[in-house]
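Asks: Have a look at the structure that comes next, please.
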Amino acid sequence: MNRLFRLLVAALLPLLAAAPAWAVEASLSPGAHPLAVGSAFPDVSLAGQVSPEAATRLGLAPGKAQRPVSALGTEILVVEIFSMYCPYCQKEAPEVNALYDLIDKRGLSNRIGVIGVGAGNSEAEVDIFRKKYAVPFALFADPDFVVHKQVGQVGTPFFYVLRKKPGGGYAVLGASLGVMDSPAAFLSRITRAAGI
């Protein structure tokens, strides 16, 4: 029995070593079907409180409201699908904050916006996450997984990078599951894909 176990472990180790690194740094969703690059991003409804600073950067009126994603005014939009209960999202929060700050420091805040959507999270849960991790960008609640279903029931954290379409709405420019390697590398990929 011991020999069989060792053989099994020896056979599985190369397979585990070849597994994508992102799978270890994300909460997987069994029904996931991410939106394809180039496809239209659904005009999902975003609900929640938006600070005056975040509203200005997104081209919105501040305050609490329900608004479609197409109402956002940024040319490029990074959408993080997160959950306050996802340990990888908690680990990633400072990195996403750093990405947001880096966008500002590089003078790109008038072109690139960042939002988060709390899959399965109420407004109160999103607010707890916002305060605990000092999130400076707009976070929206999705307590009934309505938005989550519309964007492909993806795992968390999941990042969509969107580009505003000439006729309105957004198209998917890129998508990735898991923890980003670094804010600078992630921003570099965004600017390359967007031609900025």
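The values are calculated or read from the model by the stated rules, or taken from the named source; none is laboratory data. In this text, all values refer to a predicted model and were calculated from it rather than measured experimentally. Neighbour counts are summed over all protein chains in view; Cβ atoms, including those assigned to glycine, are modelled from backbone coordinates with ideal geometry. All accessible areas refer to the heavy atoms of the entire protein, side chains included, with ligands and DNA or RNA removed. Shrake-Rupley method; radii C 1.70, N 1.55, O 1.52, S 1.80 Å.
Asks: I'm checking my understanding of the structure. Among residues of the range 66-91 that are under 18 Å from Pro136 (Cα atoms) and among the small types (Gly, Ala, Ser), which one is most open to solvent (accessible area, probe 1.4 Å)?
Replies: For the range 66-91, the residue satisfying everything is Gly73.
Asks: Output the residue which, of all residues in the range 142-183 that are part of a loop (DSSP other than H, G, I, E, B) and within 23 Å of Ala98 (Cβ to Cβ), is most open to solvent (accessible area, probe 1.4 Å).
Replies: Of everything passing the filter in the range 142-183, Asp181 is most open to solvent (accessible area, probe 1.4 Å).
Asks: I've got another one for you. Step by step: first the residues of the range 49-65, then only those that are free of Cβ contacts under 8 Å to residues at least 24 places away in the same chain and open to solvent by 60 Å² or more (accessible area, probe 1.4 Å), then the one that is nearest to Ile112 (Cα to Cα). Which residue is that?
Replies: It comes out as Thr56.
Asks: For the range 92-123, enumerate the residues that are open to solvent by 10 Å² or more (accessible area, probe 1.4 Å) and closer than 17 Å to Ser188 by Cβ.
Replies: Result: Glu95, Ala98, Tyr100, Asp101, Leu102, Asp104, Lys105, Arg106, Gly107, Leu108, Ser109, Arg111.
Asks: Applying the selection to the range 114-166, what residues are among the aliphatic types (A, V, I, L, M) and in contact with a Cys (Cβ under 7 Å, 6 or more places away or on another chain)?
Replies: Passing the criteria: none in range.
Asks: Looking only at the range 124-132, decide whether some residue is assigned to a loop (DSSP other than H, G, I, E, B), open to solvent by 60 Å² or more (accessible area, probe 1.4 Å) and at pLDDT 95 or above.
Replies: Checked against the condition, which is being assigned to a loop (DSSP other than H, G, I, E, B), open to solvent by 60 Å² or more (accessible area, probe 1.4 Å) and at pLDDT 95 or above, the range 124-132 yields no hits at all.
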